[in-house]
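The values are calculated or read from the model by the stated rules, or taken from the named source; none is laboratory data. Keep in mind that what you see is a predicted model, and the values were worked out from it rather than measured. Every residue, glycine among them, receives a Cβ derived from its backbone with ideal geometry; neighbour counts consider all protein chains shown. The area values use the complete protein model at the heavy-atom level, side chains included, leaving out ligands, DNA and RNA. Shrake-Rupley method; radii C 1.70, N 1.55, O 1.52, S 1.80 Å.
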Amino acid sequence: MVVDLAPEPAVADLAERTARFVRDVVLPVEERHRDPVPSEAVRRELQDAARKAGVFAPHVSTGYGGHGLDMRGRAAVFEEAGYALLGPLALNIAAPDEGNMHLLEAVASGPQKERYLRPLAAGEIRSCFAMTEPAPGAGSDPSALATRAERVDGGWRINGRKWFTTGGDGAAVTICMARTSGNPGDAGGATMFLVDADNPGMKTVRHIETLDQSLFGGHVELLFEDCEVPDDAVLGQVDAGFRNAQVRLGPARMTHCMRWLGIARHANDIAIRRANERELFGSRLGELGMVQQMIADNEIDIAASRGLILRACWELDQGRSAAQATSIGKTFCAEAVWRVVDRSLQICGALGVSGDVPLSRFLREVRPFRIYDGPSETHRWAIARRAIRQHAAAAR
Ligand SMILES: Cc1cc2nc3c(=O)[nH]c(=O)nc-3n(C[C@H](O)[C@H](O)[C@H](O)COP(=O)(O)OP(=O)(O)OC[C@H]3O[C@@H](n4cnc5c(N)ncnc54)[C@H](O)[C@@H]3O)c2cc1C
């Protein structure tokens with residue numbers, strides 16, 4: 001069997017141009033703005049530059065002004081964008097907007113696409129996705145969903161509390177997942193609602209302080225109190241929220257992996273540069289066996305992550321759910337990226353924890369990835385259950 005992993009020439013060209021754009025434009029801006037969270041003005045400046053460089057919105061279909069890349073194409077380009085923390089924001093492929101655009105393209109009605117997808121794709125507005133709730137609500141187990149939406153005349157009334165809604169500060173629209181049938185603990189039915197920022201029933205309770213700081217718009221806690229939305233605020237179909245969430249979650253897991261793989265490569269490059277320069281014990285650091293082992297393990301983790309991402313993307317491009325492949329890829333990649341950044345920091349010694357190189361920042365930014373998009377333990381549990389079920393079915 002011939003397996004050709006090379007991207008199409010047009011994708012390879014876009015990836016190449018993205019790498020150049022990140023190196024020449026984004027990294028100098030990142031260097032200049034040391035604040036963990038860039039301002040709205042910096043976001044606009046970077047997105048204008050990305051438009052001029054012809055690398056903006058690679059994931060969105062051409063009808064909405066993008067390059068229309070499939071998942072394998074995204075793998076090549078997003079990894080290059082992810083080499084800088086601000087690269088994804090510059091290309092308008094940062095979480096959660098990128099996943100929300102993917103979801104809107106797949107399930108929104110025509111008018112919803114014009115109202116929300118078009119300005120999102122153009123970088124004119126931002127969005128967020130509110131699923132997770134404080135305990136005992138939905139987290140790793142979505143069936144605990146406690147936020148409810150009840151039918152009212154001409155629409156729905158939402159009540160509940162969400163937290164860890166990334167990008168919530170300044171988002172023009174929130175995609176809120178609410179229970180429309182059954183009770184917490186049952187699978188029941190959930191529905192996604194598009195809630196505009198000026199809806200008086202949706203309030204930002206607080207900004208949650210977290211280890212990571214680079215995701216634009218932070219992580220907020222939201223209160224939905226008699227929040228009324230019209231019927232046309234239903235995204236997809238009533239009670240199909242859990243199913244439609246899968247449209248977003250599988251691909252979004254992989255695009256997170258792609259972006260963080262770029263950071264892993266960046267960390268490894270810093271470590272290798274240091275290993276080539278630093279002299280100790282009569283040799284260069286890179287000539288010492290234990291450092292070579294760490295560099296080799298970094299190379300292995302990066303190559304294996306890329307392979308698992310491509311395999312899952314190939315399945316997604318075939319229109320399959322790729323549930324097992326995205327769980328395997330996400331679990332491995334989230335842990336591998338952490339290992340690579342941690343080893344790279346170790347190789348650099350005290351320099352690694354200083355602000356002179358971005359490694360300690362990378363370490364803070366990648367750690368939560370082992371929790372969001374499904375904690376490693378939830379994925380391992382699901383991977384094992386699927387494998388056992390498959391084995392049992394084959395034995396019948
Ligand atoms: C930085 C960040 C950004 C986020 N952004 C968003 C967002 O934009 N929108 C949104 O809706 N949510 C978001 N989340 C929330 C995220 O999706 C949840 O944190 C995640 O689903 C886990 O839920 P939980 O935090 O409630 O943990 P819990 O469900 O309480 O789980 C706690 C721990 O239990 C363990 N565990 C879980 N399942 C199993 C199992 N089957 N077997 C054994 N152990 C298990 C794991 O170690 C897990 O970490 C974000 C979280 C973070 C940290």
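Miscellaneous remarks
- Of 39, 395, 323, farthest towards positive along the dipole that unit charges on Lys, Arg, Asp, Glu beta carbons give the chain: 395
- Per-atom-type breakdown for the chain gives carbon and sulfur 54% of the accessible area (1.4 Å probe, protein chains only).
- The gain in end-to-end length when the residue 44 to residue 181 segment is fully stretched comes to 45.2 nm, 0.36 nm per residue minus the alpha carbon separation.
- For residue 55, net neighbour charge (Lys/Arg +1, Asp/Glu -1) across residues whose Cβ lies under 11 Å away: +1
- As a size descriptor, the averaged projected area of the C-alpha convex hull of the chain was calculated at 21.7 nm².
- GNM top mover of 300, 309, 263 - the chain, alpha-carbon springs below 10 Å: 300
- Any cysteine of the chain lacking a neighbouring Cys Cβ under 4.7 Å - listed by number: 128, 176, 227, 313, 348
- Looking at the chain, the accessible area is 45 square angstrom per residue; that uses a 1.4 Å probe and ignores ligands, DNA and RNA.
- Count Lys and Arg as plus one, Asp and Glu as minus one, and take only other residues whose Cβ is under 13 Å from that of residue 116; the net charge is then -2.
- Rounded to the nearest 10 degrees, the inclination of helix 289-317 to the longest alpha-carbon principal axis of the chain is 30 degrees.
- Cα-based helix-to-principal-axis angle, 71-81 vs the chain, degrees rounded to 10: 60 degrees
- Evaluated with a Cβ-only charge set (Lys, Arg +1; Asp, Glu -1), the chain carries a dipole of roughly 780 debye about its Cα centre, given to the nearest 20.
- Rounded to the nearest 500, the 222 nm mean residue ellipticity of the chain from helices alone is -15000 deg cm²/dmol, with -39,500 (n - 2.57) taken per DSSP H run of at least 4 residues.
- The angle separating the long axis of helix 323-347 from the principal Cα axis of greatest extent in the chain is about 40 degrees.
- Taking only Cα atoms of region 19-75, radius of gyration then Dmax in Å: 12.9, 36
- Radius 14 Å from Cβ of residue 24, net charge of other residues (Lys, Arg +1; Asp, Glu -1): +1
- Point-to-point label distance, residue 246-residue 346, nm (Cα→Cβ direction, 7 Å offset): 3.9 nm
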